[in-house]
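Down below is the structure, laid out as structure tokens.
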Amino acid sequence: MKYNFYGWQDTLVSPINKKYLKVENPRVLYDMLDNIWCEYSCAPRLRSNWSKDNKTVGQCSITAFLVQDIFGGEVYGIPLKTGGVHCFNIVDGHKFDLASEQFGDEVLDYVNVIKQDRKDHFADEDKFNRYKYLCDKLEELYL
């Protein structure tokens, strides 16, 4: 499979959580999530932009925290012109963003970033429920 997400070449990390040993690396996780991401898992404010052709729309934070559960590392945010923050991962020096394709040809600044806190993100009950949906579906379909 050809990958287009940011840092796809730099995903040589392995799971640190034994529960997820079948998720050999972030590319394998991307393939799995490609069958899970849906309108429901999309951030409500972006659902009108979600489509089967652009599955990563509105999936960044819940995906990044799932990546952290599986591979460790940290979640960082890129401040967006719209006022939001787009989340991605750095694991053992490997920087990648499974949800970057939603931006098409727009180039994001992966340098001037802000560390993200799971507790802050999941204070939003809807976001936590969408994250749980991803976790549950991943387990149901692949683990």
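What about L46, is it assigned to a helix (DSSP H, G or I) and either more than 24 Å from V111 (Cα to Cα) or open to solvent by 10 Å² or more (accessible area, probe 1.4 Å) (or both)? Can you show your working first?
Values: assigned to a helix (DSSP H, G or I): yes; either more than 24 Å from V111 (Cα to Cα) or open to solvent by 10 Å² or more (accessible area, probe 1.4 Å) (or both): yes.
Judged against the criteria, L46 is a match.
Filter the stretch 4-21 down to residues that are assigned to a helix (DSSP H, G or I) and open to solvent by less than 80 Å² (accessible area, probe 1.4 Å) and give me whichever is modelled with the highest pLDDT. Walk me through it before giving the result.
Step one: filter the stretch 4-21 for residues assigned to a helix (DSSP H, G or I), giving 8-10, 18-20.
Now narrow it down to the ones that are open to solvent by less than 80 Å² (accessible area, probe 1.4 Å): 10, 20.
Details: D10: 85, Y20: 96.
For the stretch 4-21, the residue satisfying everything is Y20.
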Checklist entry - What number of residues within the stretch 120-143 satisfy the criterion of being open to solvent by 60 Å² or more (accessible area, probe 1.4 Å), in a helix (DSSP H, G or I) and either of a type in the set (A, V, I, L, M, F, W, C) or under 11 Å from F65 (Cα atoms) (or both)? => result 3
Next on the checklist: Looking at (1) farther than 25 Å from M1 by Cα; (2) of a type in the set (D, E); (3) in contact (Cβ under 8 Å) with a residue 40 or more places away in the chain, which one does D69 not meet, given that it meets all the others?
Outcome noted: (1)
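Among the strands (runs of 3 or more DSSP E) confined wholly to the stretch 56-110, which include 2 or more residues that are open to solvent by less than 10 Å² (accessible area, probe 1.4 Å) and at pLDDT 95 or above? Before you say what the answer is, go through the steps one by one.
Numbers: elements: 74-79, 85-91, 94-96.
So the answer is 74-79, 85-91.
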Next on the checklist: Looking at S41 and the list (1) modelled with pLDDT of 95 or more; (2) surrounded by fewer than 20 Cβ atoms within 10 Å (Cβ to Cβ); (3) among the small types (G, A, S); (4) assigned to a loop (DSSP other than H, G, I, E, B), which single condition is not satisfied?
Outcome noted: (2)
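The values are calculated or read from the model by the stated rules, or taken from the named source; none is laboratory data. Quick caveat: nothing in here was measured; it's all calculated off a predicted structure. Cβ atoms come from the backbone with ideal geometry, glycine included; neighbour counts cover every protein chain shown. Quick note on the areas: whole protein, heavy atoms, side chains included, nothing else; ligands and nucleic acids left out. Shrake-Rupley method; radii C 1.70, N 1.55, O 1.52, S 1.80 Å.
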